[in-house]
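**Q** One structure follows; several queries about it will come next.
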Amino acid sequence: MQDIQKIFHLRFLYYQKMFGVSYIENINLKPSEESLKIPKSSLHDIISHCTLCDRSKGAKPAFGILPREAKIIFVTQLPLVDASGAFLENKSSKMFQNIIQNVFGLRSQEYGLLSLVKCNESNLKVSEAEILVCKQYLNEQILSQYTKIILLMGDSVLEHLFGLDFEKCAGSIFTQNNKAFLATYSLNELLKNPSLKKEAWQHFLLAKGIL
């Protein structure tokens, strides 16, 4: 457990250096004792107790929703649920719940909901360093789960996970690490530009056809 946290901590320091942070003293690669006081050794606990960047000061990290029998996983840029797994009271969250109910018709145990960034859903300004840290957690969540398809919602999610161009990949199923993925528009884009909903609807139906 502690070794995993040290790896994430070391990665964070490397990312900080990549983005211009300089170290003039010996770097302490050991996380604080407080951050290591975790009762269980699950990925859920590691994410829930993460304090590697300033975003964790504004809100507790949200692990997301990830039942074992999930048929499909949705990935957004920012969390749609809080640290306890309850849906947030915002337009994006309400739209997502409508999509689950009216398009996919899924029960709560049949879908997962994860985010590229784990903390502070109200802060829309996300740095590259923060994404690089959180992306490691998201990769672990996806790799640990067997599901039929993973729906990436937004160009930022697609680009940061796989470095792929959204215009070329949107609406097409592709495979990475023996898992099927499909990229579509973000909820924020659908709210700002309702004309995209028709195209997104086709993307959703394509994903639904695999379930």
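The values are calculated or read from the model by the stated rules, or taken from the named source; none is laboratory data. On a predicted model such as this, the values are computed, not experimentally measured, just so you know. Ideal geometry is used to build each Cβ from the backbone, glycine not excepted, and the neighbour counts take in all protein chains shown. The accessibility values were calculated without ligands, DNA or RNA, using every heavy atom of the protein model including side chains. Shrake-Rupley method; radii C 1.70, N 1.55, O 1.52, S 1.80 Å.
Per-residue answers, yes or no, for (1) in contact with an Asp or Glu (Cβ under 9 Å, 6 or more places away or on another chain); (2) at pLDDT below 50; (3) closer than 24 Å to Ser127 by Cα:
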| residue | (1), (2), (3) |
| --- | --- |
| Phe19 | yes, yes, yes |
| Pro61 | no, no, yes |
| Lys71 | yes, no, no |
| Phe74 | no, no, yes |
| Val81 | yes, no, yes |
| Gln97 | no, no, no |
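**Q** Looking only at the stretch 165-175, which residues are of a type in the set (D, E, K, R) and either assigned to a helix (DSSP H, G or I) or touching a helix residue (DSSP H, G or I) at 6+ places or on another chain (Cβ under 7 Å) (or both)?
**A** Once the filter is applied, which keeps residues that are of a type in the set (D, E, K, R) and either assigned to a helix (DSSP H, G or I) or touching a helix residue (DSSP H, G or I) at 6+ places or on another chain (Cβ under 7 Å) (or both), the stretch 165-175 yields Glu167, Lys168.
**Q** Would you check if there is a residue in the stretch 69-88 being of a type in the set (Asp, Glu) and within 19 Å of Tyr146 (Cβ to Cβ)?
**A** Checked the stretch 69-88: at least one residue is of a type in the set (Asp, Glu) and within 19 Å of Tyr146 (Cβ to Cβ).
**Q** Okay, next question. Being open to solvent by less than 50 Å² (accessible area, probe 1.4 Å) and either under 18 Å from Gln97 (Cβ atoms) or part of a loop (DSSP other than H, G, I, E, B) (or both) is the filter here; which residues of the stretch 177-201 pass it?
**A** Residues satisfying the conditions are Thr184, Tyr185, Ser186, Leu187, Leu190, Ala200.
**Q** Among the candidates Phe174, Phe204, single out the residue that is open to solvent by less than 50 Å² (accessible area, probe 1.4 Å), touching a strand residue (DSSP E or B) at 6+ places or on another chain (Cβ under 8 Å) and without any contact (Cβ under 8 Å) to a residue 60 or more places away in the chain.
**A** Being open to solvent by less than 50 Å² (accessible area, probe 1.4 Å), touching a strand residue (DSSP E or B) at 6+ places or on another chain (Cβ under 8 Å) and without any contact (Cβ under 8 Å) to a residue 60 or more places away in the chain holds for just one of Phe174, Phe204, which is Phe174.
**Q** Report whether or not Ile210 is in contact (Cβ under 8 Å) with a residue 24 or more places away in the chain, loosely packed, with under 14 Cβ neighbours inside 10 Å, β-branched (Val, Ile, Thr) and closer than 29 Å to Asn102 by Cα.
**A** Here the answer is yes, as Ile210 does meet what is asked.
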